[in-house]
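The numbers here are math on the coordinates, done by the rules we state, and not lab data. All values reported here derive from a predicted model rather than from experimental measurement. Here the Cβ positions follow ideal geometry from the backbone for every residue, glycine too, while neighbour counts run over all protein chains shown.
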Amino acid sequence: MAHIKFAARQHDLTPDETVLECLERAGHDIPFSCRTGVCLTCLMRVSTGTPPSPSQAGLRESQKEQGYFLPCVCHPSEDLELVSPSDAELYGRAIVSEVTHLNDSICRVRLRTATPLFYHAGQFINLRRDDGVVRSYSLASVPRLDDTLELHIKRLGGGKMSNWIYNDLAVGTAMDMQGPNGDCYYIGMEPARPLLLIGNGTGLAPLYGIARDALVDGHKGPMYLYHGSRTAKGLYYGDELTALAREHENFHYIPCLSGEEDDVRGALGAEQGRAEAVAMTAHSDLAGWGIYLCGYPPMVLTAKKLAFLAGAALHDILADPYEMQDLRRIPRE
């Protein structure tokens, strides 16, 4: 049985217990969000010992070399001594430059950073407000096109951060920011390959960034973006995507509605059904395609399975699913 030492106290891990679960059981207040090793909110560092390689998946090489790891997915086989990273190690400062309500549940937030952030469109950052609440949000902006970071945020029932952002966040507010994180972004090595982008809700944000990044990079292959929602209000940014399709003949935008009446669906020009189902019906052979999946995790998981069964190689399926703490069982549009 492995032991961990943290804050001058030693703890014994129980069988199948993660480091994060052990520290919580011992009464330590460790920040976390997704608990699946995606969001990086719980990042810690070892001062003695070697964390198992799965607990360092997704981290930059420089972070691995410094002993950073993700306690939420860490099952150590040897004793570890841990330290919490300092704010200076992980967080920078960003200033809110715009808050725009796109509809009655989704807002666009733009941020300016104190120093330039080197990122790929489609990655995500962690935002922390003054009381320590941290949440992950994907980047809709493109470094070569935008001088601010753009986030699309949907307020959720019981969401501490999303409701505060939608209702109270003001221009000029300073927030802590960590990142960029994530591997779901465009790699322009095969400009002729077809691309399939599927998302629902504000999973559109990273897809919007990825699509624009690919197009400005000169991607010539066909590109199809399917955006799904249960209700019409969830199909935001339709004008922007329609304009993008007019400007680039190889880009195609397909909105999908799974819960609206036919007259509303027709008025919006939306396909009937969930985005992943509509997309897979239209594209039954995905061998050689690049696939990007973003949004509500059950949709991403389903779409990943369907894309694989349609011939897509697993390494060509890039996904960015994560769920916020305390909100896993609340349905989303």
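Evaluated at q = 0.13, 0.14, 0.20 Å⁻¹, the base-10 log of the normalised Debye intensity for region 42-153, with identical point scatterers placed on the Cα atoms, takes the values -0.62, -0.70, -1.12.
Under 17 Å from a label point set 7 Å out along the Cα-to-Cβ vector of residue 1, the amide N atoms of region 60-76 belong to 75-76. A cysteine counts as unpartnered when no other cysteine's C-beta lies under 4.7 Å of its own; in the chain this applies to 22, 42, 72, 74, 107, 184, 256, 294. Taking the Cα centre of region 192-260 as origin and assigning +1 to Lys and Arg Cβ atoms and -1 to Asp and Glu Cβ atoms, the resulting dipole is close to 160 debye. What the Kirkwood sum gives for region 88-181 is a hydrodynamic radius of 13.3 Å, with every pair of different alpha carbons counted. Extension gain for residue 231-residue 249 works out to 3.7 nm (0.36 nm per residue, less the C-alpha to C-alpha distance).
Averaging sequence separations of C-alpha pairs under 8 Å and six or more residues apart, then dividing by the length of region 3-85, give the relative contact order as a whole percent.
39 percent
Taking 246, 274, 129 in turn, the Gaussian network model of the chain (Cα-Cα springs below 10 Å) assigns the largest fluctuation to 246. Comparing 73, 134, 216 in a Gaussian network model of the chain, where Cα atoms under 10 Å apart are tied by springs, the biggest mean-square fluctuation is seen for 216. The order of 197, 169, 23, going from fewest to most other C-beta atoms within 10 Å of their C-beta, is 169, 23, 197. Relative contact order, whole percent, for the chain stands at 14, derived from Cα pairs under 8 Å and 6 or more residues apart. Based on alpha carbons, the Rg and Dmax found for region 65-122 are 17.9, 51 Å. Restricting to Cα pairs below 8 Å that are 6+ residues apart, what does the relative contact order work out to for region 176-265? Please round to a whole percent. RCO, region 176-265: 28 percent.
Secondary-structure-derived ellipticity at 222 nm for the chain, considering helices only, amounts to -6500 deg cm²/dmol, per-run term -39500 (n - 2.57) for DSSP H runs with n ≥ 4. Residue separation of residue 193 and residue 77 scaled by 0.36 nm, minus their Cα-Cα distance, works out to 37.5 nm of gained length. Take 148-160, 4-16 and order them by the average number of nearby Cβ atoms within 10 Å per residue, most first; the result is 148-160, 4-16. Within the listed set 211, 174, 57, the residue fluctuating most in the Gaussian network model of the chain (springs between alpha-carbon atoms under 10 angstrom) is 57. When each of 118, 308, 69 is scored by the number of other beta-carbon atoms lying within 10 Å, the sequence from fewest to most is 118, 308, 69. As an exercise, find the ratio Rg/Rh for region 3-85 from alpha-carbon atoms, using the Kirkwood inverse-distance average for Rh. Rounded to two decimals, Rg/Rh equals 0.91.
Ratio of Rg to Rh for the chain: 0.98 [Cα atoms; Kirkwood radius as inverse mean 1/r over pairs].
With K and R counted +1 and D and E -1, the other residues having a Cβ less than 12 Å from that of residue 310 yield a net charge of -1. Secondary structure note: in the chain, about 55% of the DSSP beta bridges are antiparallel. Overall, the ratio between the Cα radius of gyration of region 189-290 and 2.2 N^0.38 Å, rounded to two decimals, is 1.04.
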